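Below you'll find the structure, written out as structure tokens, and then a few comments.
The values are calculated or read from the model by the stated rules, or taken from the named source; none is laboratory data. It should be emphasised that the depicted structure is a prediction, and the values quoted were computed from it without experimental measurement. Cβ placement follows ideal geometry from the backbone for every residue including glycine, while neighbour counts extend to all protein chains displayed.
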Amino acid sequence: MPSPILKETQILQFRKLLLDWYRANARDLPWRGTREAYHIWVSEIMLQQTKVVAVIAHYHAFLRRFPTLVSLALAPEQDVLATWSGLGYYRRPRMLHKTAQFILREHHGMLPQKAVELRQLPGIGDYTAAAIASIAFGEPVAAIDGNVERVLLRLLGLPEGKSKATMDILRAQAAALLEPREPGDYNQAMMELGATVCLPRAPLCLQCPVRELCKTQGEHATAPRAKMRSREVAYLLATRKRRTMTEVLLAQRPSDAALMADMWELPEVPLEQVADQPVLLRVRHAITNTNYYVCIYPARLRQVQEMEKLKTTHGWVRVSVLNTLALTGLTRKVLQRLDLMAVHMPQLPKRRTASKA
């Protein structure tokens, strides 16, 4: 394992500068200030590849519906997916649910306290294990996510790289820099620095508390990013009135679908079948490395009749219960744009203010 690059005095200086900055400037996020391991685990899974502002509202809703690990483990998967709907990357809630069931079965419903034990659970990697162990249980172990990795690369003056040699260096430096007396706060401070100051593009170096120790002070060398692909898709919207209730026709994705299996969406239709129909709504929706340019068409009577025959995969749903269904993110977005679903605006995180002495 490579030896630390920074001197001992620099390491002590780094810890103090970072933690002082964090306590004065950290955003007031709902999962901070808690040592409840289950809550921390849920927040870390939600935050994977997802912006904080999108997670906040879902985090509260998820914990209201599943306040304990046991309640999550005992819930039907469709309820878990419905509560998660809108956050995307639906492998995450499926794995969260399965892991909760494993913990209930094998660990009496209690998350292990050590990172090495947490790492043995399905769906929990090195970073998540370290985050839970350090924040919830105070274990002195460094957590390295994408934000922390970027901070370390710039601090040490290294280019981007995923080789074993580079990762060994980062792990060694992360362990050396870690404040062992306050590992949870330290790890969150590193994540916060990468998320709010040491940005991927145009980092705010003049606001960085450890700027004087940074060997890069700016963007580091990175590999070119893969170009986003584009795809045009079309969906049909069919609604009807049943007494005073409005219903919308939805289709359930196949159980063996590579993406969003078993989730509900508007019926997709080949582009050539709607070439002569007026467009009701246009939406752009990004999933991983693909931009989807979506057109929503009002369904014609013949199209509705054909879909109604597919009762095993299609069904009419009252708009009042749409929030209880496992909807795809695109479907939720479209239904909200068309005022068939309520829009719940997340609250922007506030920054902490330093207390006066």
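You will find that of Glu182, Glu265, the residue that is modelled with pLDDT of 95 or more and surrounded by fewer than 18 Cβ atoms within 10 Å (Cβ to Cβ) is Glu182 and no other.
Filtering Val317, Val321 for residues that are aliphatic (A, V, I, L, M) and either assigned to a strand (DSSP E or B) or closer than 14 Å to Ala238 by Cβ (or both) leaves a single hit, Val317. Can you name the residue in the range 53-71 that is within 18 Å of the chain's Cα centre (by Cα) and surrounded by 19 or more Cβ atoms within 10 Å (Cβ to Cβ) and, of all such residues, is farthest from Pro30 (Cα to Cα)? Across the range 53-71, the extreme among qualifying residues is Phe66.
Entry remark, the range 48-65: residues being closer than 12 Å to Pro93 by Cα and free of Cβ contacts under 8 Å to residues at least 24 places away in the same chain number 1 in total.
Yes/no per residue for (1) crowded, with 16+ Cβ neighbours inside 10 Å; (2) touching a residue at least 24 places away in the same chain (Cβ under 8 Å); (3) out of contact with any Ser or Thr (no Cβ under 7 Å at 6 or more places or on another chain):
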| site | (1), (2), (3) |
| --- | --- |
| Cys198 | yes, yes, yes |
| Gln207 | no, no, yes |
| Thr222 | no, yes, yes |
| Leu259 | no, yes, yes |
| Pro278 | no, no, yes |
| Arg282 | no, no, yes |
| Asn289 | no, yes, yes |
| Tyr292 | no, yes, yes |
| Val304 | yes, yes, yes |
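Where strands (runs of 3 or more DSSP E) fall entirely within the range 188-256, those with at least 2 residues that are in contact with a Lys or Arg (Cβ under 9 Å, 6 or more places away or on another chain) are at 245-252.
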